[in-house]
1. Count the net charge of all other residues whose Cβ sits under 14 Å from the Cβ of residue 131, scoring Lys and Arg as +1 and Asp and Glu as -1.
2. Quick one: order 133, 96, 174 from most to least accessible surface, probe 1.4 Å.
3. For the chain, what is the mean residue ellipticity at 222 nm derived from helices alone (per DSSP H run of n ≥ 4: -39500 (n - 2.57); sum divided by total residues; nearest 500 deg cm²/dmol)?
4. Give, in nm to one decimal, the length gained when the segment between residue 127 and residue 179 is fully stretched (0.36 nm per residue of separation minus the Cα-Cα distance).
5. What is the percent of Cα-Cα separations in the stretch 10-141 that go past 27 Å?
6. How would 87, 95, 164 rank on accessible area, largest to smallest, probe 1.4 Å?
7. So for the chain, taking the charge dipole from beta-carbon charges (+1 Lys/Arg, -1 Asp/Glu), which of 64, 137, 90 sits furthest toward the positive end?
8. Quick one: angle between helix 95-107 and the longest Cα principal axis of the chain, in degrees between 0 and 90, rounded to 10, please.
Amino acid sequence: MLFRSAGETANARLIADSIGDARYRVTALISTALAQASDGHEAAARQTLSDARATSQTIVQDYSRAYALSRVARGQAEIGAIEDARETTQEVDREKLRALALWAIAASPASLCGKTTACADMTLAFAATRKIKNDLARITLLADIAITRAQAGDRGAAISLFDEALAVAVDLVKPWARARALSRLATTLSAIR
């Protein structure tokens, strides 16, 4: 959703604020904030994402609230509001959703992960990913992030992610789970080469 003027983003903000269901209002607020940021209105985007975070906390269903907070954190990372994203991520109480948000933070140019050898954001993302109890979900997440990093030109990170996923797959005992994991990893390897 790209807007041509500040007036259009202001109208989008009014529309988003009028949505009754908090889950959908959060989605609209995130889209509006990303448009504001792309139009050069960084302060407005940060405020809109802050409002989306506050709205997320009113969602009654646990998973829906965690999903919304994860989306807000990813939006904050996308516009470069890394400290805000880190704070929001602390409120996400689902391992996979927290890991997704932390990977978005680590991938953001504002986190400086690409400019340092040891990146705290990437370390946190790996740690959160390792807490995901379902091995196939962990492998799939690592594979998806590896492909995303390869597409962004960070082949070293992509290979590290692939290696981590392969280590999990090797330890799988159930034949069908191992077959699914190795099939997914074969697809991933062809995508990151």
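1. Details: positive: 94, 96, 98, 130, 133, 138; negative: 93, 95, 135, 164.
Overall, the nearby charge balance is +2.
2. Working: 133 160, 96 90, 174 120 Å².
Putting 133, 96, 174 in descending order of accessible area: 133, 174, 96.
3. Details: 10 runs with 144 residues, N = 193.
Dividing the helical sum by the residues of the chain leaves -24000 deg cm²/dmol.
4. Values: separation 52, 0.36 × 52 = 18.72 nm, distance 2.52 nm.
Using 0.36 nm per residue and subtracting the Cα-Cα distance, I get 16.2 nm.
5. Working: 1676 of 8646 pairs.
Of the Cα pairs, 19 percent sit more than 27 Å apart.
6. Values: 87 90, 95 65, 164 40 Å².
Per-residue accessible area, sorted high to low, gives 87, 95, 164.
7. 137
8. Once rounded, one gets 80 degrees.
The values are calculated or read from the model by the stated rules, or taken from the named source; none is laboratory data. Predicted, not measured: the structure shown is a model, and the values here were computed from it. Here the Cβ is made from the backbone with ideal geometry for all residues, glycine too, and neighbour counts use every protein chain on show. Side chains are part of the model used for accessible areas, which takes the heavy atoms of the whole protein and leaves out ligands, DNA and RNA. Shrake-Rupley method; radii C 1.70, N 1.55, O 1.52, S 1.80 Å.
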